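The values are calculated or read from the model by the stated rules, or taken from the named source; none is laboratory data. This is a predicted model, so every value here is computed, not measured. With ideal geometry, Cβ positions are generated from the backbone for all residues, glycine too; neighbour counts draw on all protein chains shown.
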Ligand SMILES: [Cu+2]
């Protein structure tokens, strides 16, 4: 009755009344069948079969959730549940996620779409979903205790709102967050513009992924949820290199990459060989006057960044977090620095007691990449990934943008390694070594006087350097 009265009382109340009425009606109708995903493969873009048209995104090592139309409302069904995620070939983790994987499926809608999301909780504890960055009625915002009661195990809740502004968003629980995010509960959300938008360009390829991090002890499979900073697996969509697919594009494609950060630290994302613009954040498209070319952009905790570039250089271009510890897989951080220390004799003594002992890191850590030492079952190697020239010596948050002339439009398959044109690869110098040239005289300036810029010579002319032999 209250709703009916509100309905008649003014425009401001109408939206709320319709929302309340449709939710209660729909809750009694049949749930859409949940769609599950069983592989960590990158799925091809899901072309919209109903509703307004748009250019779909590609979720790295992930997928987009299909929907059903119900009287003009897009209905999705998310199932929060424990999942087994293959984080890299040979390494599986017990995570929590949605619809069979962590992260959950990407949700793609169009600006102005009315969206209804059924959330079924199959976790052992209560949960909720917060729709990060969205404009929506306060009661749909998903903060347990503040905006809604918890979704208890076995229960299904319904969220419903209009996707009011186009952009790059994400979803995650707002209930026992520390546990549920540490276990991998999160997903991507893209709202496409309904018409041409002055700040949103058309692109040929549109990739999305979330930055996440786990602390899984080597040899085990379940993350330690109490870890605050010292994570040992730095992942994109719960995958670690070499388990992360490459971003395969055609030469001269306009490429957009949308990145969200749900870890506990910032990640400076760095692209080789090209310059990009930051064209959007979770606040929406950036004003054109704010855009400047970059090769690295920091994605802070809880932020989303949307970068765009013209892929006009062929090759296999590294794309990674620039924190060097984030491009490594599980290792202890309490390993002492051994560079420059010859500990062969010590090693020999230890080997007689511990046959599998291996000397690590006296020349640096690169040896780790080829490490033959046995590692516990279900453990990702610290840095690995075979490239055409040997080990790439990377793990964690690392992949490649592969730019190819003959990659067909809409073809996202891996073209293999780049075939370098003759004479374009760094090569070994095989001539005789030159004599080392040394600066003469103790305490001499770094640059010999004869190489000083003209200005300094002028100074010398005015004040002859009697007591300054070094100059
Ligand atoms: Cu990082």
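Looking only at the range 231-256, count how many residues are assigned to a strand (DSSP E or B) and away from the ligand (no atom under 15 Å from the Cβ). Step through it out loud before you land on a result.
Narrowing the range 231-256 to residues assigned to a strand (DSSP E or B): 233-236, 239, 241, 247-250, 253-256.
Going one step further and asking which of them are away from the ligand (no atom under 15 Å from the Cβ), we end up with 247-250, 253-256.
Number of matching residues: 8.
Please give the number of the condition residue 264 fails out of (1) at pLDDT 95 or above; (2) in a loop (DSSP other than H, G, I, E, B); (3) within 16 Å of the ligand (Cβ to nearest atom).
Looking at each condition in turn, residue 264 falls short on (1).
Looking at residue 296, is it within 15 Å of the ligand (Cβ to nearest atom), under 16 Å from the mean Cα position of the chain (by Cα) and at pLDDT below 95?
Here the answer is no, as residue 296 does not meet what is asked.
Identify, by number, the condition in (1) away from the ligand (no atom under 16 Å from the Cβ); (2) over 25 Å from residue 128 (Cβ atoms); (3) under 20 Å from the mean Cα position of the chain (by Cα); (4) crowded, with 16+ Cβ neighbours inside 10 Å that residue 221 doesn't meet.
If we test residue 221 against (1) away from the ligand (no atom under 16 Å from the Cβ); (2) over 25 Å from residue 128 (Cβ atoms); (3) under 20 Å from the mean Cα position of the chain (by Cα); (4) crowded, with 16+ Cβ neighbours inside 10 Å, just (3) comes out false.
So which of 170, 185, 181 is under 30 Å from residue 55 (Cα atoms), at pLDDT below 95 and within 25 Å of the chain's Cα centre (by Cα)? Explain how you work it out, then say what you get.
On the way: 170 fails: at pLDDT below 95; 185 fails: at pLDDT below 95.
On inspection, the qualifying residue turns out to be 181.
Have a look at 280, 284, 273 and point out the one that is in contact with a strand residue (DSSP E or B) (Cβ under 6 Å, 6 or more places away or on another chain) and closer than 15 Å to residue 208 by Cβ.
280
Please state which of the following conditions residue 141 fails to meet, knowing it meets all the rest: (1) buried (at least 22 other Cβ atoms within 10 Å of the Cβ); (2) under 19 Å from residue 181 (Cα atoms).
(1)
Among the listed residues 93, 11, 17, identify the single one that is surrounded by 16 or more Cβ atoms within 10 Å (Cβ to Cβ), more than 18 Å from residue 156 (Cα to Cα) and at pLDDT below 90.
Numbers: 93 fails: at pLDDT below 90; 11 fails: surrounded by 16 or more Cβ atoms within 10 Å (Cβ to Cβ).
Exactly one residue qualifies, and that residue is 17.
Counting just the residues of the range 311-324 that are within 15 Å of the ligand (Cβ to nearest atom) and in contact (Cβ under 8 Å) with a residue 12 or more places away in the chain, which one comes out farthest from residue 400 (Cα to Cα)? First the steps, then the outcome.
Residues of the range 311-324 within 15 Å of the ligand (Cβ to nearest atom): 318-324.
Adding the requirement that they be in contact (Cβ under 8 Å) with a residue 12 or more places away in the chain leaves 318-323.
Details: 318: 4, 319: 5, 320: 8, 321: 12, 322: 14, 323: 16 Å.
If we take residues in the range 311-324 being within 15 Å of the ligand (Cβ to nearest atom) and in contact (Cβ under 8 Å) with a residue 12 or more places away in the chain, then 323 is farthest from residue 400 (Cα to Cα).
As an exercise: evaluate residue 400 against (1) on the phi > 0 side of the Ramachandran plot; (2) modelled with pLDDT of 60 or more and give the number of the one condition it does not meet.
(1)
Look through 416, 395, 410 and report the one residue that is under 24 Å from the mean Cα position of the chain (by Cα), surrounded by 14 or more Cβ atoms within 10 Å (Cβ to Cβ) and at pLDDT 65 or above.
After applying the criteria, what remains is 395.
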